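Each reported figure results from applying straightforward, stated rules to the coordinates on display, with no laboratory input. Worth saying up front: this structure is predicted, and the values here are computed from it rather than measured. All Cβ positions, glycine included, derive from the backbone under ideal geometry; neighbour counts span all protein chains shown.
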Amino acid sequence: MKTIILVTGSTAIDQTGNYDGSFEEYQASYPTKAFNVSFQLADMRSSFGGCAPNIAHGLTQLGIEAIPLSSAGRNFVDQYRAHLINLGINIDFIAVADDVASCASCMMINDAHGNQIIGFYPGPDNPGRQSPETLPFIDNIVLTILGPEEPELTLRQGRILFEHNVPLMVDPGQVIAAFSRDQIRELLMLARYLVINHHEFEVLKTNGGLTDEEIFSQVPEVILTRGDKGVT
């Protein structure tokens with residue numbers, strides 16, 4: 001039987017700029033009470049992104065069939081679709097919202113020390129996106145990676161897949177800050193695996209009112225990245 005990993009999350013076209021200086025030095029030189037700043041950027045680039053296609057591409061490179069379940073705006077059709085097809089990624093379940101111009105987008109400025117200023121547009125809330133139980137290959141899904149998305153959408157998909165006995169790997173990313181206490185606790189109840197960095201883990205604990213021990217005892221496998229200190 002063919003096995004598939006389903007990957008949920010955004011489909012994004014990102015904008016990244018690099019500032020040669022330091023945000024901290026800029027603030028010291030031009031102090032202001034309001035957050036109103038202007039940086040001269042050294043370069044600017046547009047790139048294809050989004051957690052669902054990115055994760056699916058990585059798994060495809062390992063010879064694993066991974067299918068993204070996602071939503072996109074109209075610019076997906078003329079800018080992104082052909083790129084994913086050329087990479088061998090199944091795009092049949094990326095639903096395009098014809099009434100929304102843009103995919104999700106991360107607008108990011110980096111300084112010379114790796115600090116970032118980020119604005120994120122989550123993209124269209126597309127009613128045409130398929131619900132997991134309607135997928136023709138649902139019985140072939142051996143794992144679903146729940147990538148960063150709006151909390152209620154993440155939980156709705158998670159509940160459906162959990163009911164179909166599909167193991168869930170939860171990778172909430174920075175969106176974890178948008179989850180309420182009850183939503184975090186339900187998310188952990190659904191998770192077979194939790195993939196999270198150290199900062200996001202602290203947010204999860206604070207917003208969920210949980211201790212390390214409570215999380216580790218509830219989720220069978222927790223993969224916690226700690227920057228240059230490695231992974232635990």
Original post:
Relative to the longest principal axis of the chain, what angle (0 to 90°, nearest 10) does the C-alpha long axis of helix 181-190 take?
Top reply: 40 degrees
Original post:
Efficiency by 1/(1 + (r/R0)^6): what FRET value for Asn18 and Asn140, r their Cβ-Cβ distance, R0 = 45 Å, to the nearest 0.05?
Top reply: 0.60
Original post:
In the chain, what % of DSSP beta bridges are antiparallel (nearest 5)?
Top reply: 35 percent
Subject >> Under 5 Å, built H, 5+ apart or other chain: amide partners of Val100 >> reply: Arg74
Original post:
Quick one: putting +1 on the C-beta of Lys and Arg, -1 on the C-beta of Asp and Glu, what dipole do you get for the chain around its Cα centre, in Debye to the nearest 20?
Top reply: 180 debye
Original post:
Does anyone have the angle between helix 151-163 and the longest principal axis of the chain? Alpha-carbon axes, 0 to 90°, nearest 10?
Top reply: 20 degrees
Subject >> FRET efficiency, 1/(1 + (r/R0)^6) with R0 35 Å, evaluated for Val77 and Leu41 via beta carbons >> reply: 0.75
**OP:** Taking DSSP loops as anything outside H, G, I, E and B, show the longest stretch in the chain free of chymotrypsin sites (Phe, Trp or Tyr not before Pro) there with at most 15 other beta carbons within 10 Å.
**Re:** 40-136
Subject >> On Cα atoms only, tilt of 198-208 relative to the major axis of the chain in degrees >> reply: 70 degrees
Subject >> Answer label, with percent of Cα pairs over 31 Å apart calculated from the coordinates and candidates [x] 42; [y] 22; [z] 28 >> reply: [z]
Original post:
Tell me, what ³J(HN,Hα) does each residue in segment 118-133 have, in order and in whole Hz, if you take phi through Karplus 6.51 cos²θ - 1.76 cosθ + 1.60 with θ = phi - 60° and put x for Gly and Pro?
Top reply: 10, x, 10, 9, x, x, x, 8, 9, x, x, 5, 5, 7, x, 5
**OP:** Would you look at the GNM of the chain, springs on alpha carbons closer than 10 Å, and say which of Gly123, Gly58, Gly73 moves the most?
**Re:** Gly58
Subject >> Positive-end extreme of charge dipole, the chain - chosen from Ile55, Ile91, Gly114 (charges on Cβ) >> reply: Ile91
Original post:
Got a sec? How would Met107, Met44 order by Cβ neighbour count within 10 Å, fewest to most?
Top reply: Met44, Met107
Original post:
Within the chain, which is the longest segment containing none of the trypsin sites (Lys or Arg not before Pro) that sit in a DSSP loop and have at most 10 other Cβ atoms within 10 Å?
Top reply: 34-232
